[in-house]
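Report on one structure; see the data block that follows.
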Amino acid sequence: MTDAGTETANVARRRIAVLVPLVVFVALVALFLVRLNSGDPSLIPSALIGHPAPQTALPPVAGLERDGAAVPGLDPASFKGEVTVVNVWASWCVPCHDEAPLLMQLAKDGRFRLIGINYKDEPDNARRFLGRYGNPFAAAGADQSGRAAIEWGVYGVPETFVVGKDARIAYKLVGPISPDNFDAVLKPQIEKALAATGS
């Protein structure tokens with residue numbers, strides 16, 4: 001092969017070496033964008049569905065009261081035998097402000113307990129938040145380190161879980177409770193958990 005032929009072959013190899021990774025990168029970016037825009041983020045599956053609720057006990061949010069009584073922290077033993085809706089929230093979370101009235105509406109249903117996990121928040125800010133919107137929680141644990149949220153598999157705040165009478169996670173809603181998913185998704189999942197016999 002001549003020097004010109006060798007040089008042409010080398011140029012072609014260099015172009016391929018540059019183009020292949022570039023094409024792969026562009027394809028991955030396109031796939032990521034399609035996945036990101038194609039669906040509802042609340043439909044992200046959770047590996048914890050059907051598994052026991054995490055056994056992380058949390059202290060109460062300091063100074064938090066409801067109807068004149070101190071609100072207890074999170075006690076995993078209380079999940080057994082009763083349907084529980086667990087909401088992970090924080091005062092600094094903008095969508096949490098939007099879902100607060102719906103949580104108050106949910107709390108009116110006495111067939112299940114509504115408890116909160118206050119994620120990486122200051123107690124004063126958490127109390128002010130609930131003072132502004134009302135406190136829907138029968139119990140509210142302070143997760144200042146974020147460890148409990150990790151054990152619950154939380155992607156981001158807010159998230160809501162339905163825990164069945166058998167103390168297993170029956171459903172997970174990623175993102176805020178909204179007027180759209182409140183009646184169409186969350187309530188039916190709670191009803192399904194209430195109808196289950198538990199063991």
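Across segment 189-199, which residue is surrounded by the most Cβ atoms within 10 Å (Cβ to Cβ) among those that are farther than 14 Å from K80 by Cβ and over 18 Å from the mean Cα position of the chain (by Cα)?
L194
Answer yes or no: is there a residue in segment 156-169 that is of a type in the set (D, E), in contact (Cβ under 8 Å) with a residue 60 or more places away in the chain, in the same structural domain as V71 (by TED's automatic domain parsing) and touching a Gly at 6+ places or on another chain (Cβ under 6 Å).
yes
Output the number of residues of segment 155-184 satisfying the condition of being within 15 Å of the chain's Cα centre (by Cα), buried (at least 18 other Cβ atoms within 10 Å of the Cβ) and not basic (K, R).
16
Would you mind stating whether I150 is over 17 Å from P95 (Cα atoms), under 13 Å from the mean Cα position of the chain (by Cα) and free of Cβ contacts under 8 Å to residues at least 12 places away in the same chain? Give the derivation first.
On the way: over 17 Å from P95 (Cα atoms): yes; under 13 Å from the mean Cα position of the chain (by Cα): yes; free of Cβ contacts under 8 Å to residues at least 12 places away in the same chain: yes.
Here the answer is yes, as I150 does meet what is asked.
In segment 74-89, how many are surrounded by fewer than 20 Cβ atoms within 10 Å (Cβ to Cβ) and in contact (Cβ under 8 Å) with a residue 60 or more places away in the chain?
Just the residues of segment 74-89 that are surrounded by fewer than 20 Cβ atoms within 10 Å (Cβ to Cβ), to begin with: 75-78, 80-82.
So of that shortlist, the ones also in contact (Cβ under 8 Å) with a residue 60 or more places away in the chain come out as 75-76, 78, 80-82.
Residues in segment 74-89 being surrounded by fewer than 20 Cβ atoms within 10 Å (Cβ to Cβ) and in contact (Cβ under 8 Å) with a residue 60 or more places away in the chain: 6 in total.
Mind listing whichever residues of segment 163-184 are under 20 Å from M104 (Cα atoms) and either in contact with a Pro (Cβ under 7 Å, 6 or more places away or on another chain) or in a loop (DSSP other than H, G, I, E, B) (or both)?
Answer for segment 163-184, where residues must be under 20 Å from M104 (Cα atoms) and either in contact with a Pro (Cβ under 7 Å, 6 or more places away or on another chain) or in a loop (DSSP other than H, G, I, E, B) (or both): V174, G175, P176, I177, S178.
With respect to Y119, determine if the residue is farther than 24 Å from Q55 by Cβ and aromatic (F, W, Y).
For Y119, the condition - farther than 24 Å from Q55 by Cβ and aromatic (F, W, Y) - is not met.
Let me confirm something: among P176, P158, P123, P136, which residue is modelled with pLDDT of 95 or more and over 22 Å from P59 (Cβ atoms)?
P176
Quick check on L58: is it surrounded by fewer than 21 Cβ atoms within 10 Å (Cβ to Cβ) and not charged (D, E, K, R)?
On the way: surrounded by fewer than 21 Cβ atoms within 10 Å (Cβ to Cβ): no; not charged (D, E, K, R): yes.
No; evaluated as a whole, the condition is false for this residue.
The values are calculated or read from the model by the stated rules, or taken from the named source; none is laboratory data. Keep in mind that this is a model prediction, so the values were computed, not measured. Methodologically, a virtual Cβ is constructed for each residue, glycine included, from the backbone with ideal geometry; neighbour enumeration extends over all protein chains shown.
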